[in-house]
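Notes follow the structure.
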Amino acid sequence: MNTQHLQTDFLVIGGGTAGTMAGIKAKQANPDADVLILEKANIRRSGAIAMGMDGVNTAVIPGNSTPEQYVREITIANDGVLEQKNVYQTGRWGFEVIQELESWGVKFQKDHEGNYDLKQVHRVGKYVLPMPEGKDLKKILARQVKRHKVRVTNRVMATRVMVKDGRAIGAVGFDVRKGDFVVIQAKAVVLCTGACGRLGLPASGYLYGTYENPTNAGDGYSMAYHAGAELTNIECFQINPLIKDYNGPACAYVASPFGAYTANAEGNRFISCDYWSGQMMLETWKELNSGKGPVHLKMYHLDDDTISEIERVLWANERPSRERFHEGRGEDYRTDGVEMNISEIGLCSGHSASGVWVNDKAETTVPGLYAAGDMASVPHNYMIGAFVSGRLSGINAMDYVEGLEHVEPDPEFLATEKARIYAPLDRPDGVPHTQVEYKLRRYVNDYLQPPKSPTKMDIGLAAFERYHETLDLMGAQDPHELMRCMEVHFIRDCAEMAARASLYRKESRWGLYHYRLDYPEKNNEEWFCHANLKKSETGEMEMFKRPVSPYMVEVNLQQEVYDVAVR
Amino acid sequence: MALATQRVDVPVIVDESKCLEKCKACIEVCPLDVLVKNPETGKAYMKYDECWFCLPCEKECPTNAITVQIPFLLR
């Protein structure tokens with residue numbers, strides 16, 4: 001096995017939405033610095049927006065809304081537990097991001113007068129900006145990465161952040177094609193590896209039939225944890241209302257501005273707002289269990305031209321294979337509702353609130369380690385939030401690395417990690433990663449899928465702890481299989497975090513995301529706080545409370561209860 | 001451990017008559033890295049059944065040799 005040694009000033013782990021922007025902004029801040037993006041796929045088509053995006057969900061455009069209004073709406077939608085100053089950044093810098101993307105050739109929908117054509121999907125305020133031609137977003141970003149002379153290493157997966165004397169000094173990983181061990185020294189590191197999209201098992205039973213890009217296996221959640229960083233509110237799961245079996249968005253964000261809406265089997269509305277929130281998911285869960293299911297996205301009342309317009313957007317962007325899925329089943333939006341179901345659980349701050357704890361500079365609690373995008377704890381952040389947090393990490397890391405020197409990695413750490421990574425190759429006839437992953441994720445469904453029961457979660461937690469032994473049985477026959485094996489390690493870590501955090505917060509919050517059968521009510525007296533976790537000095541996973549910082553935008557949560565139920 | 005090989009229906013179908021021996025476009029863009037070349041024929045094929053049916057392989061193929069089906073379990 002060869003070892004590659006690399007050095008860079010700023011290491012970006014994950015070249016998706018946040019990562020490409022982090023690299024570009026770092027080079028804009030200091031063109032002389034060396035910036036390296038490490039990507040386990042290929043940045044041309046990687047991450048959540050591999051096939052583009054059909055719209056911006058968090059566009060704060062002057063004249064339409066203000067960052068303060070946006071912070072207010074997200075505070076209410078997220079039941080008050082958040083760091084407002086982090087969310088504010090998304091509102092504050094989102095417009096600049098949109099303008100810069102536009103200067104690079106990304107197209108956003110405009111009205112006849114040339115103004116941004118914003119739509120209302122949230123309960124209050126217009127924050128959705130359609131991108132009917134957003135399919136090549138990632139190719140455009142990859143081109144800008146090259147133009148800005150950011151170095152890129154594709155097909156290398158990071159497995160651990162290196163930490164010495166309390167600060168991040170680089171990362172290790174391996175080449176998923178050649179198998180080389182890769183050691184990268186860096187003065188600062190940003191983790192932007194996306195969601196943990198492979199946590200629960202899809203109802204179809206297909207391991208990769210997930211909502212999130214299945215490459216996003218919770219790598220960054222796990223790496224941040226082992227680096228000693230704090231994570232927060234992991235019990236606030238990502239659960240989405242998706243096309244049944246296909247497991248992709250239906251997509252109400254595109255279709256509802258045209259008049260589509262989510263309806264029960266009788267064709268009636270049961271929610272007043274299609275914006276994804278825990279409360280909206282709880283109403284969907286109740287409807288599905290009320291005898292009035294299944295629920296569907298209803299478009300068949302719209303005229304033919306409108307439906308054609310919706311199809312034009314949906315068949316080209318984000319998840320274009322929706323078209324052939326419906327075709328294969330002989331379904332037509334003109335006559336059929338899109339049957340929807342509740343997804344398996346995942347972790348994703350972009351859609352809910354769990355993630356690696358960051359401040360408004362994208363700093364984690366480990367000096368020199370940043371986090372951005374779907375894995376950083378900025379609630380409801382979506383794509384524009386990922387761009388903003390990537391931007392913040394790139395700019396702030398460039399300040400941080402000023403005057404810093406590289407630090408030699410600890411040889412003992414390298415030897416231990418190398419042995420951990422390559423162990424499955426020594427067992428080519430070991431249990432295949434597919435089976436090991438399937439069972440782990442089935443346990444996640446069995447014991448963690450809300451509504452949450454304490455005894456079930458205890459059993460699940462014990463199973464996840466025991467699963468270390470199962471991981472040691474896993475065998476790989478080539479570097480590709482080794483990549484999947486190491487992803488199963490990430491998934492196991494995320495499952496343990498999800499169980500411990502869910503057991504810790506003894507109340508219900510965020511609708512279905514954290515609905516506990518034994519504590520069905522919200523308890524602001526004891527739990528109006530963040531539930532954080534980290535690896536203790538002795539290597540144990542420890543849970544603790546962190547207060548919610550004083551609000552910068554006043555919100556009266558007693559009066560402003562998020563409620564989208566139709567009664 | 002004792003292992004068995006099982007047959008599976010894979011989503012990515014390559015029309016070998018159209019696939020170019022020297023082209024690696026599909027292999028380079030696949031997020032899951034599931035496509036490889038058959039060393040004997042130089043044609044691409046799906047080696048690992050780990051597909052997100054996301055379509056970059058199909059869209060970036062210069063000869064339209066690739067068809068992505070929805071994976072059987074979801075279809």
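Amide H contacts of A:GLY194: A:ASP374, A:MET375, each under 5 Å away and 5 or more positions distant or on a separate chain (H built 1.01 Å from N in the peptide plane; Pro and chain starts excluded). Shown here is the pair-distance distribution of chain B: with all Cα-Cα distances grouped in 10 Å bins from zero up to the longest one, the shares run 20, 52, 23, 6, 0 percent. Do the alpha carbons of any pairs in A:LYS119/A:LYS244; A:LYS119/B:LYS59; A:LYS244/A:LYS292 sit beyond 23 Å of each other, and which pairs? Result: A:LYS119/A:LYS244; A:LYS119/B:LYS59 exceed 23 Å. Distance between the modelled labels on B:GLU40 and A:ARG466, one decimal in nanometres: 4.5 nm (7 Å Cα→Cβ projection). Peptide A:316-327 is shielded by partner chain Cβ atoms: per residue, an average of 3 of them sit within 10 Å of its Cβ. Taking the average, over residues, of other Cβ atoms within 10 Å as the packing measure, peptides A:68-79, A:296-307, A:487-498 rank A:487-498, A:68-79, A:296-307 from highest down. Where only DSSP H runs of four or more residues are counted, chain A gives -10500 deg cm²/dmol as its mean residue ellipticity at 222 nm, each run worth -39500 (n - 2.57). If R0 is taken as 35 Å, the Cβ-Cβ distance between B:GLU21 and A:GLU327 corresponds to a FRET efficiency of 0.65. Efficiency by 1/(1 + (r/R0)^6): what FRET value for A:LYS164 and A:GLN99, r their Cβ-Cβ distance, R0 = 45 Å, to the nearest 0.05? Computed FRET efficiency for A:LYS164 and A:GLN99 comes out at 0.65. Spatial offset of the stretch A:418-493 relative to the stretch A:90-126 amounts to 42 Å, using the alpha carbon center of each.
Among the cysteines of chain B, those with no neighbouring cysteine Cβ under 4.7 Å are B:CYS19, B:CYS23, B:CYS30, B:CYS51, B:CYS54, B:CYS61. In order along the stretch A:293-305, the Karplus-derived 3J(HN,Hα) couplings, from 6.51 cos²θ - 1.76 cosθ + 1.60 at θ = phi - 60°, round to x, x, 9, 8, 7, 9, 10, 5, 8, 8, 7, 4, 4 Hz, and Gly and Pro are given as x. The modelled label-to-label distance between A:LYS439 and A:MET543, using points 7 Å beyond Cα along the C-beta direction, is 2.6 nm.
Cross-link reach is defined here as a Cα-Cα straight distance under 15 Å, omitting same-chain residues fewer than 8 places apart; for A:LYS361 the aspartates and glutamates meeting it are A:GLU83, A:ASP399. Other protein chain C-beta atoms within 10 Å of residue C-beta, averaged over A:304-313: 0. Among the lysines of the stretch A:479-567, pairs that are 8 or more positions apart or on different chains and have alpha carbons within less than 15 Å of each other number 4. What the phi angles of the stretch A:129-142 give under the Karplus curve with 6.51, -1.76 and 1.60, with θ = phi - 60°, is a coupling list of 10, x, 10, x, 10, x, 5, 9, 3, 5, 5, 5, 5, 4 Hz, glycine and proline written as x. Cross-link partners for A:LYS146 among the lysines, with Cα-Cα distance under 17 Å and sequence neighbours closer than 8 places in the same chain left out: A:LYS25, A:LYS27, A:LYS138.
Apply 1/(1 + (r/R0)^6) to the Cβ-Cβ distance of A:PHE413 and B:MET1, taking R0 = 22 Å, and write down the FRET efficiency to the nearest 0.05. It comes out at approximately 0.15. Given the C-alpha centroids of the stretch A:292-346 and the stretch A:495-567, what is the distance between them in whole angstrom? About 34 Å separates the Cα centre of the stretch A:292-346 from the one of the stretch A:495-567. Among A:277-285, A:13-21, A:444-452, the peptide with the highest mean count of other Cβ atoms within 10 Å heads the list, and the full ranking is A:13-21, A:277-285, A:444-452. Remark: mean inter-chain Cβ contacts per residue of B:25-31 equal 5, using a 10 Å Cβ-Cβ cutoff to other protein chain atoms. For chain A, the longest principal axis of the alpha carbon atoms and the long axis of helix A:67-77 meet at an angle near 80°. Which percent of the Cα-Cα distances in chain A go past 45 Å? Of all Cα-Cα distances in chain A, 10 percent exceed 45 Å.
Each DSSP beta bridge with both residues in chain A is either parallel or antiparallel, and the antiparallel ones are about 65%. What aspartates and glutamates does A:LYS286 reach when the alpha-carbon gap must be under 17 Å and sequence neighbours fewer than 8 apart in one chain are set aside? Candidates past the 8-residue exclusion: A:GLU266, A:ASP274, A:GLU339, A:GLU344, A:GLU521, A:ASP563. The distance between label points at A:ASP446 and A:PHE258 comes to 4.3 nm (points 7 Å beyond Cα on the Cα→Cβ vector).
Of the peptides B:61-72, A:535-546, the ranking by mean beta-carbon count within 10 Å, highest at the top, reads B:61-72, A:535-546. Each residue of the stretch A:210-226 is assigned a 3J(HN,Hα), and the resulting list reads 9, 5, 6, 4, x, 5, 8, 9, x, 3, x, 4, 5, 5, 5, 4, 5 Hz, derived from the Karplus form 6.51 cos²θ - 1.76 cosθ + 1.60 (θ = phi - 60°), x at Gly and Pro.
Throughout, read-outs are computed from the coordinates displayed, never taken from laboratory work. Everything numeric in this text was worked out from a predicted model, so none of it was measured. Note that each Cβ is placed from the backbone with ideal geometry, even for glycine, and that neighbours are counted across all protein chains shown.
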